[in-house]
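Read through the structure below, which is laid out as structure tokens, and then see the notes.
Just so it is clear, none of the values below were taken in a lab; they were calculated from the coordinates. From a predicted model like this one, the values you see are computed outputs, not experimental measurements. Every residue, glycine among them, receives a Cβ derived from its backbone with ideal geometry; neighbour counts consider all protein chains shown.
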Amino acid sequence: MLDIQLLRNNIELVSAALAGRGMSFDPSRFQALEAERKGLQTRTQDLQARRNALSKQIGMLKARGEDASEVMTEVGTTADELKRNELALAALLDEINAIVASLPNLPHESVPRGRDESDNVEILRWGSPRAFDFEPLDHVDVGARLGLDLEMAVKLSGARFAVMRGGVARLHRALAQFMLDVHTREHGYTEVYVPYMVNAASMFGTGQLPKFEEDLFAVPRGDDGRLFLIPTSEVPVTNFMRNETVAADALPMKYVGHTPCFRSEAGSYGRDTRGMIRQHQFDKVELVRIEHPEHSWAALEELSSHAEAVLRKLELPYRKIVLCTGDMGFSSAKTYDLEVWLPAQKTYREISSCSNCGDFQARRMQGRFKSGQGKNEFVHTLNGSGLAVGRTLVAILENYQQADGSLSVPKALVPWMGGVEILDPLR
């Protein structure tokens, strides 16, 4: 959530930054509501002062044995008007807060301006795509020989789910364990296990609600309202900080978690819906960092390098891009995307997004640290895929396929596969 004081004091800056994100924001509505708020707030304060003065006068009259009925009547009239003003002010504040909650984060000054993904900027490319001496198949056809069964998933659940058997199921599990071990042993993250369903407050805290409700799976829960299946473990892990204030020396906090993720993927279509690129349920190893504001930008560089390290260990060619203003996520101030090479598509596809959200999520969650001066300040939150397990599996199936239908296991992954170096087609 943006600092409301920034909107009140420098709305032109906010409007310009939002325009850079491709968002049309009319400041006149906010300014009109603010003017009304100021008037109501002043009148409410005047009425409170008048009521208090009249109440004191009643006490003095009664102490002297004088008639206080006229003043008591005025107190009642004042109290009624005060109640109406308080209700109107509360409703007005709700409307103002709803506007503020709907606004995305402002881009960091280093983010390139642009309209959409075509304006993203490539900043690094690692590895060379493999030269095949046969026509490479896509991951669906490679995986079908090894135990990937999308037809069974349709029977069980519908489109955009997956069933895995045998070697490919083991490979999927090994990838998640490999990523967790790399991040905990080599990069210093604390492993966490979190619920797969969270409440609305958690979804609001990281920015999924209210704007992106149609992308979520909600679970009715009787009189207690709803729970939501997590779209990423960023949601529960970042919300560790909701309504918390920690000591400055507790920072940074570095967490890694492996969870399934659930997304309705409303509006997605075309090639992304074939196979495992864009599914309703997929696994991801997520990195979350809670940082001191002075260190968060260096932390973004480090976090993205940790995701890159997994790709390098698996020897998967990839490129790193910085998203332009028009392609950034709602909560992000700056995002790096890592895109892995897929031979069958002859292009790079996203496998990780690493973002610094600044204090945007912390304001929504009220997550703070106590500075050296004893002042409570908002933390900065960062997150990144380290990596998306299903898409990493896709990349391995395509990049490590063999002409005979088998799959060569990446060398770095062999210990997590119990020494298995080749996956042969199922018989």
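Summary of computed values
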quantity	calculated
Net charge dipole size for the range 202-319 [Lys, Arg +1 and Asp, Glu -1 on Cβ; Debye, nearest 20]	460 debye
Anchor residue 411: lysines whose Cα lies under 16 Å away (excluding residues fewer than 8 positions away in-chain)	313
Over 21 Å between alpha carbons, listed pairs 62/83; 284/370; 211/375; 254/284; 254/334	62/83; 284/370; 211/375
18 Å Cα-Cα reach of residue 346 towards lysines, excluding residues that sit fewer than 8 places from it in its own chain	320
Most mobile listed residue (254, 334, 211) in the chain, GNM with C-alpha springs under 10 Å	211
Cβ-based exposure ranking for 277, 58, 351, in which fewest neighbours within 10 Å come first	58, 277, 351
Segment residue 245-residue 16, extension gain: residue separation times 0.36 nm, minus the distance between their alpha carbons	79.2 nm
Size of charge dipole - the chain - debye, nearest 20, with Cβ of Lys, Arg +1 and Asp, Glu -1, no other charges	400 debye
Charge dipole (the range 26-102, unit charges on Cβ, about Cα centre) - positive-most of 71, 35, 90	71
In degrees, nearest ten, helix 11-20 long axis to first principal axis of the chain (Cα)	20 degrees
3J(HN,Hα) from dihedral phi, the range 45-55, Karplus parametrisation 6.51/-1.76/1.60, rounded to Hz, x for glycine, proline	5, 5, 5, 4, 5, 5, 4, 5, 5, 5, 4
Degrees separating the helix 296-313 axis from the principal Cα axis of the chain, which is the longest one	20 degrees
Anisotropy class of the chain from Cα gyration tensor, a/c 1.5 cut	prolate
Relative contact order (%) - criterion: Cα under 8 Å, at least six apart; region: the range 117-423	24 percent
Charge dipole (debye, nearest 20) of the range 249-374; +1 at Cβ of Lys and Arg, -1 at Cβ of Asp and Glu	260 debye
GNM flexibility winner over the chain from 159, 101, 68 (Cα, springs under 10 Å)	68
Placed amide H near residue 335: partners under 5 Å, 5+ positions off or other chain	323
Degrees, to the nearest 10: 166-185 long Cα axis against longest axis of the chain	60 degrees
R0 of 30 Å, Cβ-Cβ distance residue 302-residue 426: FRET efficiency to nearest 0.05	0.15
